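K.L.:
Can you read through this structure? Questions will come right after.
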Amino acid sequence: MESSVSHTDVATGDTSSRPVGLDRTTTGMSSGAPRPFLRRRRNPWYSRLIRDRALLVMALPGMALLLLFQYLPLLGNVIAFQAYVPFLPFGQSPWVGLDNFAVIFNGDPAFVNALRNTLVLTLVQVILVFPAPIALALLLNSLLSERIKRAVQSVLYLPHFLSWVIVVAVFQQVLGGSGMINNFLRTHGADTFSIIGNSDLFVGLLTSQVMWKDTGWATILFLAALSQIDASLYEAASMDGASRWRQMWHVTLPGIRGIIVLLLILRLGDSLTVGFEQIILQQGGVGLAASEVLDTYVYNNGIVGGQWGVAAAVGLVKGAVGVLLVLGANKIAHLLGENGVYKS
Amino acid sequence: MSLSRRTFLSAGIGAAALMASASCSSSTTPPATGGGVADAGVELPTYIRFEGVTADLPGTDDGIPDTFFSYPANPQAATDGPPADGSAIQGSVPVNKAVPPSMDRNSYWQALNERIGSELRLTITPGADYPQRFATAVAGDGLGDVFTIDMSFAQLPQFLAAQCQDLTEFLSGDAISDYPFLANLPTDSWRGTVYNGAIYGLPISRGVQSSGLLYTRDDLFEARGVDPQPATIDDFVQTCRDLTDTRANTWALTNVPMATLQQMYGLPNTWGVDDAGAFSHAIEADGYKAALELGRSLVADELVHPDFADATGADAKGWFGAGSSAIHQDTYSAMGSMYDVGSTAGEGYLVGLMLTPGEDGQPAPFWLGNPNNTISAIAKGDEARVRMLLEVLNFLAAPIGTAEHLFRKYGLEGVHYDFDGNNDPVLTELGETEASGGTFPIEYLIDGPRPNYYPGRPQVAQDIYDHMQQVIPTGVRNPTVGLYSATQGTVGGRLNTTLNDATNAILLGREPVSSWDDVVADWRSAGGDSIRSEYEEGYAAANG
């Protein structure tokens with residue numbers, strides 16, 4: 001991705017320091033018109049290759065890593081079509097066609113349960129977790145003192161660097177049955193409450209853990225986008241008598257709309273991935289009915305249960321759905337005139 | 001040793017369920033330890049007892065192990081020269097303490113290499129993660145020359161046949177006399193190494209020490225004036241009430257000891273077999289629902305630590321050691337760690353062993369654990385290499401009272417341990433870390449027969465001996481030990497996950513006890529009945 005961006009810049013001969021997204025929009029608008037840019041694109045590919053050789057060479061190590069660790073392992077997905085036996089070489093496990101996908105199409109209750117839990121979590125997290133950093137970024141942006149802003153920001157994004165094991169342990173130590181709060185209540189003869197291990201509150205618990213851990217971190221991107229907004233727009237707006245609220249609505253939000261759409265699309269691609277590590281650590285108490293999601297289903301079936309083929313099939317479908325969601329959402333973004341993840 | 005979070009329930013539900021830790025905790029390790037029909041043809045290794053050392057209380061034919069009150073005096077070398085040929089040996093093992101320092105920073109390990117005569121390159125994985133590590137290492141061909149087997153691995157016999165060395169010609173019958181310390185391992189343990197009609201592994205022998213029981217913090221019992229030996233089930237519940245003080249944040253039980261509760265109601269040891277050779281699972285018996293009801297009421301009455309459901313075995317032991325709970329279910333072989341967790345509790349710290357009360361007021365029939373913790377296997381290789389590896393394993397199986405054993409467990413005198421006044425080796429700080437506190441994970445490649453010996457605590461060995469004398473002679477075996485069920489091997493893991501989950505749901509009050517009938521019906525149709533008929537077939541073939 002990095003390399004293709006540089007390529008575009010060189011091809012258009014654009015040396016301005018405009019943000020990448022804007023640059024792409026302007027070149028996109030130009031399609032169809034006989035501009036120098038297009039004539040140059042008709043150059044034979046090898047001459048373009050020679051012209052861009054330095055950039056291409058610089059991109060090579062990254063490409064090699066991507067190929068080796070991202071694309072090559074994709075080939076392992078063939079086990080979704082095999083009765084895979086882990087101690088035989090790939091080719092030697094018997095081929096079973098689409099048998100492994102039967103759990104998906106026949107509605108295996110455990111699979112359906114995992115899918116339902118995943119979708120509920122995704123929905124809740126897109127509605128509650130996704131907007132949280134935007135709101136926080138707007139709030140921080142409205143703080144006048146730069147020093148306080150930085151201090152608050154640092155405190156808020158530190159939890160991102162804690163691993164899930166630690167985060168889950170902290171929540172258990174505070175909210176668990178023998179956690180700080182319950183121990184205090186018990187010592188003073190009050191009724192205790194059950195949060196950890198309560199299957200009714202599990203979605204809420206997971207969501208609040210995610211928010212506590214990652215909201216601060218996610219504001220960084222939005223704050224960067226906010227700082228890109230031309231200050232003269234605010235001046236002009238206030239000259240016209242716009243209130244703070246209207247400034248936010250007409251200047252600030254449109255200014256970061258591009259990045260919001262971009263992140264939302266990327267989030268959709270991950271929508272079937274809802275915190276494997278976080279959930280597996282807390283599955284014992286709440287039970288599978290409330291806590292099994294697609295990722296833990298794949299783990300419990302594949303690694304623990306030895307049903308490698310079925311696990312790979314579910315994982316493959318999950319990946320395919322993710323790709324389709326990204327492409328679909330991107331298409332819609334284009335129709336609405338946004339840039340999306342890439343330009344069409 | 002420790003029953004981990006995933007395993008403690010399964011210890012009650014199904015022997016096979018102890019999958020989460022092949023490494024330890026095998027109070028009832030998977031029944032997948034035998035060849036069933038197939039082993040009829042293979043001659044098991046001849047048992048040749050090592051006579052070099054005399055126990056303070058000799059073991060019995062029932063399986064009570066040799067008991068020692070101090071380390072046997074003047075341990076002599078029982079082998080001559082390093083067993084290996086100098087070429088590096090790769091291996092994979094689990095560990096149930098902190099992972100010891102790596103070879104280059106570990107003087108004990110280096111001394112071990114020197115004595116073996118080769119570099120022993122071990123990949124050491126925490127026990128709770130070993131099944132996952134094993135599964136991925138199998139797929140990636142990364143286990144090495146000799147490795148601990150995860151007994152819950154699906155298609156285990158096929159894996160052994162495809163990747164592991166058939167050891168029959170080296171070990172069967174009198175052939176084992178080439179390896180005297182392997183010949184010193186009990187026949188019951190070798191039975192669990194037979195698959196596909198051949199000997200495919202070496203036993204990590206535990207004898208009866210993998211049987212589970214309830215440990216009691218006798219110092220806490222005494223402080224509260226409670227008798228640690230309840231005579232009836234009602235007494236047991238009352239004992240739990242007497243030990244619970246929620247306002248002080250203490251609860252009687254670390255978790256719901258389902259295996260013990262089942263023994264109270266006289267249920268079969270996971271599987272039972274009648275005179276006609278018909279098998280039935282403990283979960284199918286009415287008594288199982290009685291056990292569930294008892295477990296549910298223990299939780300509902302707040303007699304169990306409130307965080308038990310998400311706790312690891314180490315967490316539960318920690319509560320026991322810290323005194324937030326006073327009763328903990330674990331195996332005999334976990335006794336050492338019961339004292340480890342209480343190392344900061346001070347002088348009076350005292351661990352007792354409860355005799356589980358039965359319905360009739362007599363001690364309940366005691367479930368015998370799997371004779372093996374797990375097995376280890378050797379990768380396929382040429383004869384010279386296999387013999388060399390067997391020599392090394394023979395060396396590592398030297399029993400208590402030999403110089404090899406003393407070094408293997410405790411390292412170098414003056415560096416890793418010192419003898420105390422009672423002639424017991426006491427580990428130094430360096431020995432605690434480098435030699436994993438006397439349990440360096442080579443003990444999961446092979447080990448001698450496990451003695452009943454606790455350095456510096458002769459009374460503990462005596463207490464265990466006394467407890468065993470009361471329960472072992474009338475112990476209940478799991479009839480599937482030594483049989484193999486292919487269905488258990490493939491879908492058993494999934495079935496046990498479901499059973500554990502359903503049990504948890506009932507214990508925590510999410511589902512009523514009456515829902516258990518549906519759980520059992522589902523279990524039967526999802527594979528339980530096939531497992532039953534496979535065991536019945538194997539049992540019939542083995543017992544004529």
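K.L.:
Evaluate Rg over Rh across chain B, taking Cα atoms for both radii and Kirkwood's formula for Rh. Provide the component values of the computation, followed by the final result.
P.N.:
Details: Rg = 22.3 Å, Rh = 23.5 Å.
For chain B, the value is 0.95.
K.L.:
Roughly how many Å is it from the Cα centre of the stretch B:488-519 to that of the stretch B:114-176, as a whole number?
P.N.:
About 31 Å separates the Cα centre of the stretch B:488-519 from the one of the stretch B:114-176.
K.L.:
Mind checking the dipole of the protein assembly as shown: about its Cα centre, +1 per Lys or Arg Cβ, -1 per Asp or Glu Cβ, Debye to the nearest 20? If you can, show how the numbers build up before the last one.
P.N.:
Numbers: 52 positive and 87 negative charges, 1144 e Å.
Magnitude of the dipole: close to 5500 debye.
K.L.:
Sticking with this one: Got a sec? Charge dipole of the protein assembly as shown, +1 on Cβ for Lys and Arg, -1 for Asp and Glu; which of B:Ile176, B:Asn74, B:Asn106 is way out at the positive end?
P.N.:
Of the listed residues, the answer is B:Asn106.
K.L.:
Using a 1.4 Å probe, how large is the accessible area of B:Glu119, given in Å² and rounded to the nearest 10?
P.N.:
Its accessible surface works out to 80 Å², give or take rounding.
K.L.:
Rounded to two decimals, what is the ratio between the C-alpha radius of gyration of the stretch A:203-320 and 2.2 N^0.38 Å?
P.N.:
Values: Rg = 21.2 Å, N = 118, 2.2 N^0.38 = 13.5 Å.
That works out to 1.57 for the stretch A:203-320.
K.L.:
Here is a further query. Using a simple charge model, +1 on the beta-carbon of Lys and Arg, -1 on the beta-carbon of Asp and Glu, nothing else, what dipole does chain B show about its Cα centre, in debye to the nearest 20?
P.N.:
On the way: 29 positive and 68 negative charges, 167 e Å.
For chain B, the charge dipole is close to 800 debye.
K.L.:
To the nearest Å, what is the center-to-center distance of the stretch A:207-241 and the stretch A:306-344, using C-alpha atoms only?
P.N.:
28
K.L.:
Got the relative contact order for the stretch A:98-335 handy, in percent, Cα pairs under 8 Å and 6 or more residues apart?
P.N.:
Values: 217 pairs, mean separation 68.3, N = 238.
It comes to 29 percent, rounded to a whole number.
K.L.:
While we're on this one: Using alpha carbon centroids, what distance separates the stretch A:145-189 and the stretch B:55-81, in Å?
P.N.:
53
K.L.:
For the protein assembly as shown, give the share of DSSP beta bridges that are antiparallel, in percent and rounded to the nearest 5; count only bridges with both residues there.
P.N.:
60
K.L.:
Now for a separate question. Two decimals is fine: what's Rg over Rh for the stretch B:403-544, C-alpha atoms, Kirkwood radius as Rh? The partial results should precede the final answer.
P.N.:
Values: Rg = 22.9 Å, Rh = 19.9 Å.
Taking Rh as the inverse mean 1/r over Cα pairs, Rg/Rh reads 1.15.
K.L.:
While we're looking at this one, here's another question. By DSSP, what percent of the beta bridges with both residues in chain B are antiparallel, rounded to the nearest 5?
P.N.:
The antiparallel fraction comes to roughly 60 percent.
K.L.:
Which translational diffusion coefficient, to the nearest whole µm²/s, is obtained for the stretch A:98-335 from the Stokes-Einstein equation, given a Kirkwood hydrodynamic radius over C-alpha pairs, 20 °C and 1.002 mPa s? Please list the in-between numbers first.
P.N.:
On the way: Rh = 20.6 Å.
Estimated via Stokes-Einstein, D reaches 104 µm²/s.
K.L.:
Using +1 on the beta carbon of Lys and Arg, -1 on that of Asp and Glu, and nothing else charged, what's the dipole of the stretch A:98-335 about the Cα centre, debye to 20? Don't skip to the end; give the middle numbers.
P.N.:
Details: 12 positive and 13 negative charges, 97 e Å.
It comes to approximately 460 debye.
K.L.:
Right, another one. Using mean Cβ contacts within 10 Å as the protection proxy, how do A:213-224, B:224-235 order, highest first?
P.N.:
Working: A:213-224: 18.8, B:224-235: 15.1.
So the peptides A:213-224, B:224-235, ranked by packing, come out A:213-224, B:224-235.
K.L.:
Compare the Cα positions of A:Phe105, A:Ala225, A:Leu158 along the charge dipole of chain A (+1 at Cβ of Lys, Arg; -1 at Cβ of Asp, Glu; about the Cα centre) and return the one farthest towards the positive end.
P.N.:
Among A:Phe105, A:Ala225, A:Leu158, the one farthest towards the positive end of the dipole of chain A is A:Ala225.
K.L.:
Using the Kirkwood formula on the Cα atoms of the stretch B:52-192, what hydrodynamic radius do you get, in angstrom to one decimal? Can you show the working numbers first?
P.N.:
Details: mean 1/r = 0.0548 Å⁻¹.
Mean inverse Cα-Cα distance, inverted, gives 18.2 Å.
K.L.:
Just to make sure I understand: if all protein chains stay in place, what is the order of B:Lys97, B:Lys380, A:Lys318 by accessible area at 1.4 Å, largest first?
P.N.:
Values: B:Lys97 75, B:Lys380 115, A:Lys318 40 Å².
Descending order: B:Lys380, B:Lys97, A:Lys318.
K.L.:
Then there is this: Antiparallel as a % of all DSSP beta bridges within the stretch B:46-197, to the nearest 5? Intermediate results must be reported in sequence, preceding the final value.
P.N.:
On the way: 1 of 10 bridges.
Roughly 10 percent of the beta bridges in the stretch B:46-197 run antiparallel, per DSSP.
K.L.:
Based only on Cα atoms, what Rg/Rh ratio does the protein assembly as shown have, Rh being taken as Kirkwood's radius? Walk me through the numbers on the way to the answer.
P.N.:
Values: Rg = 31.5 Å, Rh = 30.6 Å.
When Rh is taken as the Kirkwood radius, the ratio is 1.03.
K.L.:
Quick one: compute the contact order of chain B, relative version, from alpha carbon pairs under 8 angstrom and 6+ residues apart, as a percent. Spell out each step's value before the answer.
P.N.:
Values: 1194 pairs, mean separation 150.1, N = 544.
Across chain B, relative contact order equals 28 percent.
The values are calculated or read from the model by the stated rules, or taken from the named source; none is laboratory data. None of these values were measured; they are calculated from a predicted model. No Cβ is skipped: glycine too gets one built from the backbone with ideal geometry, and neighbour counts run over all protein chains shown. All accessible areas refer to the heavy atoms of the entire protein, side chains included, with ligands and DNA or RNA removed. Shrake-Rupley method; radii C 1.70, N 1.55, O 1.52, S 1.80 Å.
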